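The values are calculated or read from the model by the stated rules, or taken from the named source; none is laboratory data. Please read all numbers here as calculations on a predicted model, not as lab measurements. All Cβ positions, even for glycine, are placed from backbone atoms using ideal geometry, and neighbour counts span all protein chains on display. All accessible areas refer to the heavy atoms of the entire protein, side chains included, with ligands and DNA or RNA removed. Shrake-Rupley method; radii C 1.70, N 1.55, O 1.52, S 1.80 Å.
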Amino acid sequence: MTDQQTRVPGAPSPFPVLPNLRDLGGWVGVERRPVRHGMLFRSTDFRTIVHDSSAVAEIAATLGLRTVYDLRSAGETEAMPDPVWADVAEVHLDVLADAQTAVPANLATVLTDPAGVAEINRVLESGGAISTMAGTYRQMITLDSAKTGYRRFYEGLLGEDRSPALFHCTTGKDRTGWASASFLSLMGVARDDVFSDYLLTNDRLVPALAPVFEKFTAAGGDADALRQVLGVRPEYLAAAFDEVDRVHGGMEAYFAEALGIDSAAQSELRERFLEA
């Protein structure tokens with residue numbers, strides 16, 4: 001992949017083993033200033049490389065990583081720890097710790113044991129896959145654990161941690177999706193572009209999970225229901241933005257009221273992450 005190709009907004013991952021990894025740079029923000037490349041990356045977890053020290057070293061060096069934010073639950077991190085990075089700080093932020101039931105925090109069960117269909121079916125049968133997922137996105141705005149986790153994430157981007165940084169959850173689409181969507185929104189990226197970045201998961205991650213779908217179906221699972229939770233839908237992210245508007249009246253107020261990132265800090269983040 002050429003340098004020009006990697007600088008296109010939402011460019012494909014340079015690492016085939018991490019298909020849902022991407023740079024948030026290139027999207028146009030306030031005053032037509034693009035988000036800086038090579039500063040902030042989103043990804044899935046690293047189960048495909050966790051035992052490959054050479055791949056871990058290559059990815060860290062290529063991206064220049066200095067901080068990795070892990071948005072998963074304690075159970076997820078214990079079951080699938082991140083790789084041991086050289087000179088990279090690991091910050092664990094369990095944003096859904098206060099949720100009684102959260103589909104994203106249970107996805108590792110399907111990825112590691114697709115035959116365990118009963119657990120996912122149990123989670124989804126309360127109201128259907130779409131409504132359950134939308135409810136989780138609303139929780140990412142209101143849960144105390146989410147406020148605490150995302151506040152620490154943005155404090156890190158303000159300089160508490162070193163950059164470049166990468167953030168991830170298990171599949172890199174829900175907890176990671178809101179981190180990305182809120183960041184791009186703060187940068188002034190158009191809402192349509194924010195959704196474009198979010199929906200790239202359907203093109204990048206879902207095809208790579210074909211073996212998971214096959215095993216899940218063979219075990220008696222509903223492939224369509226699984227697709228609703230392993231992929232993304234506009235309704236999910238829209239539910240989060242709707243909750244922001246309902247509770248706070250807009251994104252800048254959300255940052256100030258829920259995350260404690262006031263207008264001065266918001267401006268500082270834009271100066272750090274937007275091209276001059």
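Numbers at a glance
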| read-out | value |
| --- | --- |
| Simple Cβ-charge dipole of region 153-276, Lys/Arg +1 and Asp/Glu -1, about Cα centre, in debye nearest 20 | 440 |
| Spin-label model distance (nm) - Gln100 vs Ser54, 7 Å beyond Cα toward Cβ | 5.1 |
| Sequence of His51, His168 when ordered by accessible area, the most exposed leading, probe 1.4 angstrom | His51, His168 |
| Farthest toward positive dipole pole in the chain [+1 Lys/Arg, -1 Asp/Glu at C-beta], among Ala79, Leu24, Ala218 | Leu24 |
| Options Phe46, Ser263, Val194, ranked by Cα towards positive dipole end of the chain, top entry (Cβ charges) | Val194 |
| Ranked order, Trp85, Trp178 - accessible area, probe 1.4 Å, largest first | Trp85, Trp178 |
| Shape category assigned to region 173-237 from the gyration tensor of Cα positions, a/c cut at 1.5 | prolate |
| Order of exposure, largest accessible area first, which applies to Glu78, Glu235, Glu58, Glu214 with probe 1.4 Å | Glu78, Glu214, Glu58, Glu235 |
| Förster radius 51 Å - calculated FRET efficiency between Thr217 and Val8, Cβ distance, rounded to 0.05 | 0.90 |
| Estimated [θ] at 222 nm from DSSP helical runs (n ≥ 4, -39500 (n - 2.57)) normalised by residues in the chain, nearest 500 | -14500 deg cm²/dmol |
| Charged-residue dipole, Cβ positions (Lys, Arg, Asp, Glu), the chain about Cα centre, Debye nearest 20 | 400 |
| Cα gyration tensor shape for region 7-107, rounded if a/c is under 1.5, else prolate or oblate | oblate |
| Linear extension gain, Arg151 paired with Ser263, 0.36 nm per residue minus alpha-carbon span | 38.9 nm |
| Gyration tensor verdict on region 151-269 (Cα atoms; rounded if a/c is under 1.5, prolate if a/b is larger than b/c, oblate otherwise) | prolate |
